[in-house]
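Peer 1: Below is the structure I would like to discuss, written out as structure tokens.
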Amino acid sequence: MAKRALNKVSTDDLAAELKRRSKSIKTLERKRDRLAQQLDEVNEEIAMLGGAVVMGGVRRRPRNEMNLEESLIKLLKNKTLSVTETAENVQKAGYRTTSPNFRTIVNQTLINSPAFKRVSRGKYTVKANYK
């Protein structure tokens, strides 16, 4: 429909234009639904591999059975490891993260949690009287 002043357009022409546009809405909705299904399938594969899933433009963290502190306690029970070794080993044991700064997060957890004792510079273990 050519651009014309609205007051010069008949109601029949307006009705025809609205009908034409509503048909394109249906086409676009079907296309959106197909793409959403494909995205769901890709997100399922990513989740199975332990990666972060994006839903509605928001990145979702991977779910772990235990929080980081609990995982570190289990790992460091009767062991002394450096922060780097701890970060690597907790991931090998199955803790999932997408953080590019995971070693720093582990370090802060070891420093701030009452469950851990600093043995020497950069080396930590679980306190003897802790669970």
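Table: residues versus (1) surrounded by 15 or more Cβ atoms within 10 Å (Cβ to Cβ); (2) of a type in the set (Val, Ile, Thr); (3) modelled with pLDDT of 80 or more.
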residue: 32; (1), (2), (3): no, no, yes
residue: 42; (1), (2), (3): no, yes, yes
residue: 53; (1), (2), (3): yes, yes, no
residue: 66; (1), (2), (3): no, no, yes
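Peer 1: Return yes or no: is residue 75 closer than 20 Å to residue 50 by Cβ and either basic (Lys, Arg) or surrounded by 15 or more Cβ atoms within 10 Å (Cβ to Cβ) (or both)?
Peer 2: On the way: closer than 20 Å to residue 50 by Cβ: yes; either basic (Lys, Arg) or surrounded by 15 or more Cβ atoms within 10 Å (Cβ to Cβ) (or both): yes.
Yes, satisfied.
Peer 1: Which of (1) within 27 Å of residue 43 (Cα to Cα); (2) more than 20 Å from the chain's Cα centre (by Cα); (3) β-branched (Val, Ile, Thr) is the odd one out, the single condition residue 97 does not satisfy?
Peer 2: Only one criterion in (1) within 27 Å of residue 43 (Cα to Cα); (2) more than 20 Å from the chain's Cα centre (by Cα); (3) β-branched (Val, Ile, Thr) is unmet by residue 97, namely (2).
Peer 1: For the stretch 88-115, which residues satisfy the criterion of being within 15 Å of residue 64 (Cα to Cα) and among the small types (Gly, Ala, Ser)?
Peer 2: Correct list: 93, 94, 99.
Peer 1: Here is a follow-up. If I filter the stretch 108-131 down to residues being hydrophobic (A, V, I, L, M, F, W, C) and under 30 Å from the mean Cα position of the chain (by Cα), which single residue comes out as nearest to residue 85 (Cα to Cα)? Full working, then the answer.
Peer 2: Restricting attention to the stretch 108-131, the residues satisfying the condition of being hydrophobic (A, V, I, L, M, F, W, C) are 110-111, 115-116, 119, 126, 128.
Pick out the ones that are also under 30 Å from the mean Cα position of the chain (by Cα) and you get 110-111, 115-116, 126.
Values: 110: 13, 111: 15, 115: 18, 116: 15, 126: 15 Å.
Checking each candidate, the answer is 110.
Peer 1: Let me ask another. Give the residues of the stretch 104-130 that are surrounded by 15 or more Cβ atoms within 10 Å (Cβ to Cβ) and either under 25 Å from residue 51 (Cβ atoms) or touching a His at 6+ places or on another chain (Cβ under 8 Å) (or both), sorted by residue number. Let's see the steps before the verdict.
Peer 2: Step one: of the stretch 104-130, the residues surrounded by 15 or more Cβ atoms within 10 Å (Cβ to Cβ) are 106-107, 109-110, 113, 115-117, 123-126.
Selection gives 106, 107, 109.
Peer 1: For the stretch 1-112, which helices (runs of 4 or more DSSP H) that fit wholly inside it have 3 or more residues that are within 30 Å of residue 127 (Cα to Cα) and charged (D, E, K, R)? Steps first, answer last, please.
Peer 2: Details: elements: 11-48, 68-76, 83-92, 102-112.
In the stretch 1-112, the matching helices (runs of 4 or more DSSP H) lie at 68-76, 83-92.
Peer 1: Here is a list of conditions, (1) touching an Asp or Glu at 6+ places or on another chain (Cβ under 9 Å); (2) exposed (fewer than 12 other Cβ atoms within 10 Å of the Cβ), and residue 36 meets all of them except one; can you say which number that is?
Peer 2: It is condition (1) that residue 36 fails.
The values are calculated or read from the model by the stated rules, or taken from the named source; none is laboratory data. A quick note: this is a predicted structure, and the numbers were derived from the prediction, not measured. FYI the Cβ positions are ideal-geometry reconstructions off the backbone, even for glycines, and counts take in every protein chain you see.
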